[in-house]
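One structure is given below, encoded as structure tokens.
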């Protein structure tokens, strides 16, 4: 396991970080039992879905991926549901579950919904929720696994599994043997990492590089969530969130900025003057780990009244954060991390207090955005109608947004706790209204083009991650 993935795995034993990828299929012809059998057979052909984790004794090295058989428990058919609100409650309850990656890093849940699913009219639907441990894949990787399950591509893997049987004593011996070489390589990598970090500081001081965004005071949405989870899905046409020079990600962030501001005011809460979002973006360069992304803080500019200007400001802020993340210092630090011995990374995770509540935060909500490709998926003969996702909550992040597109449909998945957002129905309505206003504002008349800051979407659900 690579160092970033191992760190992600060890953190997942402390806090919830599983990803939940939802796909809604309209009016499948097959029974739930037949779909389940088909999915199990398909999963057995996907190499990345035949892996589980084994830890080296004494945490002397990074954990290993070892072979796993796909069994009946990997696809769970839940009791049929009558309506869409029933499905929302069931998915919310599902978000409280946590995978044991040593047993399996994934599970697929099936919910038959009699009526009311978005984009399905009065027809019945099946909602499939793929639960994936973050150590196995980031947002793009998990979407690739889903496409393999639902027929959008060949059942292939980005990472070939290790076919060798697990021998813990051998793994421990090899870990001890390679420790001196690791330490030597770490010392060698530390020199350029330190040099490029000094370059980063010098470039920042000279104004060549954008500064690190300041920490922010906590807002109402930074409250600690309780154990309950509530979700909503705002399903829209992708065209509603695009405009000249505006991507879906920026359009969604503009709508979230407007809706969240209105909700807080309606609840009598103060709107943070520096309202910001933690946004997951892909790292540049070739991926050397399953998790190839970083989180950046992006201002949401609630005081900018003109939505075109607000979108332009958000796009510029996102571009600025990306520019800083592409400095050579970031790549040099990643190269140095590759040589940090596993015991040191594990020790660092163990020392961190994941229950502590910080005095300041980097964002008031999370926005994770992934384009899941063309709408060519099917399940049991039923075509896919939309997809959604729900980034994990944390001790100081009680509201997250997943922006996920498939074909010409985009869904903003909202995840929260009733202890944080008491009236999620009202927020859902405000989000729909905000998208309507954003869509109208993004019309071609009078538009001043915003900088093109990102591609259609960014990458990957991450805990406030991944």
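A single entry from 269, 289 fulfils the requirement of being touching a helix residue (DSSP H, G or I) at 6+ places or on another chain (Cβ under 6 Å) and either over 14 Å from residue 364 (Cβ atoms) or at pLDDT below 90 (or both): 289. Checking each residue in segment 234-246 for being surrounded by fewer than 24 Cβ atoms within 10 Å (Cβ to Cβ) and either out of contact with any helix residue (DSSP H, G or I) (no Cβ under 7 Å at 6 or more places or on another chain) or assigned to a helix (DSSP H, G or I) (or both) picks out 235, 237, 238, 239, 240, 244, 245.
From the list 225, 217, the one residue that fits, being over 17 Å from residue 412 (Cα atoms) and modelled with pLDDT of 95 or more, is 225.
Only one entry of 425, 376, 454 meets the criterion of being touching a strand residue (DSSP E or B) at 6+ places or on another chain (Cβ under 9 Å), modelled with pLDDT of 95 or more and in a loop (DSSP other than H, G, I, E, B), and that entry is 376.
Residue-wise test of (1) on the phi > 0 side of the Ramachandran plot; (2) surrounded by fewer than 18 Cβ atoms within 10 Å (Cβ to Cβ); (3) at pLDDT 95 or above.
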{"residue": "5", "(1), (2), (3)": "no, no, yes"}
{"residue": "14", "(1), (2), (3)": "no, yes, no"}
{"residue": "20", "(1), (2), (3)": "no, no, yes"}
{"residue": "36", "(1), (2), (3)": "no, no, yes"}
{"residue": "43", "(1), (2), (3)": "no, no, yes"}
{"residue": "49", "(1), (2), (3)": "no, no, yes"}
{"residue": "58", "(1), (2), (3)": "yes, yes, no"}
{"residue": "72", "(1), (2), (3)": "no, yes, yes"}
{"residue": "77", "(1), (2), (3)": "no, yes, yes"}
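The set of residues from segment 292-327 being in a loop (DSSP other than H, G, I, E, B) and either modelled with pLDDT of 95 or more or surrounded by fewer than 20 Cβ atoms within 10 Å (Cβ to Cβ) (or both) comprises 300, 301, 302, 303, 304, 305, 306, 326, 327.
Each row is one residue, and each column tells you yes or no for (1) part of a loop (DSSP other than H, G, I, E, B); (2) surrounded by 21 or more Cβ atoms within 10 Å (Cβ to Cβ); (3) on the phi > 0 side of the Ramachandran plot; (4) out of contact with any strand residue (DSSP E or B) (no Cβ under 8 Å at 6 or more places or on another chain).
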residue	(1), (2), (3), (4)
213	yes, no, no, no
253	no, yes, no, no
258	no, yes, no, yes
271	yes, no, no, yes
286	yes, no, no, yes
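Name every residue in segment 393-411 that is modelled with pLDDT of 95 or more and either part of a loop (DSSP other than H, G, I, E, B) or touching a helix residue (DSSP H, G or I) at 6+ places or on another chain (Cβ under 6 Å) (or both), in order of residue number. Of everything in segment 393-411, those that are modelled with pLDDT of 95 or more and either part of a loop (DSSP other than H, G, I, E, B) or touching a helix residue (DSSP H, G or I) at 6+ places or on another chain (Cβ under 6 Å) (or both) turn out to be 393, 398, 399, 401, 403, 405, 407, 408, 410.
The values are calculated or read from the model by the stated rules, or taken from the named source; none is laboratory data. No experiment lies behind these values; they were computed from the predicted model shown. For neighbour counting, all protein chains shown are included, and Cβ atoms are generated from backbone atoms with ideal geometry for every residue, glycine included.
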